1. For the stretch 119-231, compute Rh as the Kirkwood radius over C-alpha pairs and then the Stokes-Einstein diffusion coefficient at 37 °C and 0.692 mPa s; write the answer in µm²/s, rounded to an integer.
2. Average the reciprocal distances over every distinct pair of alpha-carbons in the chain, invert the result, and give the Kirkwood radius in Å.
3. For the stretch 150-248, calculate the relative contact order in percent as a whole number, restricting contacts to Cα pairs under 8 Å that are 6 or more residues apart.
4. Which whole-number percent gives the relative contact order of the stretch 16-259, counting Cα pairs below 8 Å spaced six or more residues apart?
5. Just the number: Rg to Rh for the stretch 33-111, Cα atoms, Kirkwood Rh, two decimals.
6. Collect residues whose amide H, placed 1.01 Å from N in the peptide plane, falls under 5 Å from the amide H of LEU235; neighbours closer than 5 in sequence don't count.
7. Measure out, as a whole number of angstrom, how far apart the alpha-carbon centroids of the stretch 71-115 and the stretch 138-186 sit.
8. Net charge near ASP155: determine it from the other residues with C-beta under 13 Å of the C-beta of ASP155, scoring Lys and Arg +1 and Asp and Glu -1.
Amino acid sequence: MQPTQKGPDPQRGSNPKERPEPIIELRNVRKIYKMGSTEVRALDGVSVSVYPNEYVAIMGPSGSGKSTMMNIIGCLDVPTSGTYALNGLEASEMNDDELAAVRNQEIGFIFQTFNLLPRVNCIQNVELPLIYSGLARKKRRAIAEASLEKVGLSDRMDHKPNELSGGERQRVAIARALVNDPSILLADEPTGNLDTKTGEEILDLFEQLYARGNTLLVVTHEEYIARHARRIIRLRDGMIESDEMVDRPVLDAKIQDLRG
Ligand SMILES: Nc1ncnc2c1ncn2[C@@H]1O[C@H](COP(=O)(O)OP(=O)(O)OP(=O)(O)O)[C@@H](O)[C@H]1O
Ligand SMILES: [Mg+2]
């Protein structure tokens with residue numbers, strides 16, 4: 001298949017003035033790791049624009065660069081070459097404080113490996129991003145509890161990660177990513193270890209976030225999960241292999257109704 005380097009325009013009115021600016025814009029991004037005499041091209045010239053309130057699935061074989069791309073979008077890693085702009089601001093021009101603020105306030109990140117703190121319980125794990133927000137302790141706790149309730153873990157709040165199943169750990173990671181009410185959610189294999197029912201619950205949660213106007217990027221190996229998104233980007237060997245919109249007219253009509 002011919003790689004399509006330019007994403008399709010989301011249907012947001014043909015008048016260019018009405019079209020919003022991309023919230024995420026990667027331009028010719030390369031990430032190259034030098035390993036002794038060889039080099040690994042984790043990303044090899046990726047250009048992609050994501051617009052506010054898109055729901056995008058990222059697919060591709062193991063090693064195709066999905067996590068690398070998510071880390072760059074989440075400002076956790078920097079490209080070897082090429083540029084990345086978030087909300088129109090060049091990531092390379094942000095200082096450490098600005099990057100920290102973006103990571104903490106704009107972006108919720110669900111990692112492939114969860115990244116939970118092992119020594120503290122669920123509430124404290126979920127509360128963590130709020131510590132920097134200046135909220136009072138009681139308020140923080142209430143928000144963390146509400147976030148855990150949303151993922152169905154009201155009865156596990158005092159458990160530490162090693163006292164939870166894999167799927168429960170994943171849900172704690174999701175509750176933590178959502179606790180700051182970020183406008184962008186980046187999820188790297190969020191349903192990877194979940195049973196079908198819990199997976200469906202997480203997908204419902206994503207649908208609600210999408211309906212509320214958030215922007216979602218979800219890495220998945222599962223075609224049926226990707227079909228929940230409105231756009232599917234496929235990576236191969238660090239390049240975009242395809243980028244297609246998914247029509248979901250019935251659901252989108254419902255969401256329009258909800259929004260009035
Ligand atoms: N720190 C690193 N040093 C060297 N090579 C790396 C590093 N991180 C990733 N890579 C390589 O870059 C390529 C892309 O890795 P990445 O983690 O983005 O893949 P992925 O698509 O997320 O795969 P998976 O589906 O298995 O999670 C892989 O070949 C990987 O081995
Ligand atoms: Mg990965």
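1. Working: Rh = 14.4 Å.
The estimated diffusion coefficient comes to 227 µm²/s.
2. 19.1
3. Numbers: 90 pairs, mean separation 21.3, N = 99.
Dividing the mean separation by the residue count of the stretch 150-248 yields 21 percent.
4. Numbers: 449 pairs, mean separation 63.9, N = 244.
Once divided by the residue count of the stretch 16-259, the mean separation gives 26 percent.
5. Details: Rg = 13.6 Å, Rh = 14.1 Å.
We get a ratio of 0.97 for the stretch 33-111.
6. Residues meeting the amide H criterion: MET59, GLY60, GLU241.
7. If you average the Cα positions of each part, the centres end up 22 Å apart.
8. On the way: positive: ARG156, ARG171; negative: GLU145, GLU149, ASP158, GLU163, GLU168.
Neighbourhood net charge equals -3.
We did not get these values from a lab; they are worked out from the coordinates using the rules stated. Here the structure is a predicted model, which means the values were calculated and not measured. Here Cβ is always computed from backbone atoms with ideal geometry, including for glycine, and neighbour counts include all displayed protein chains.
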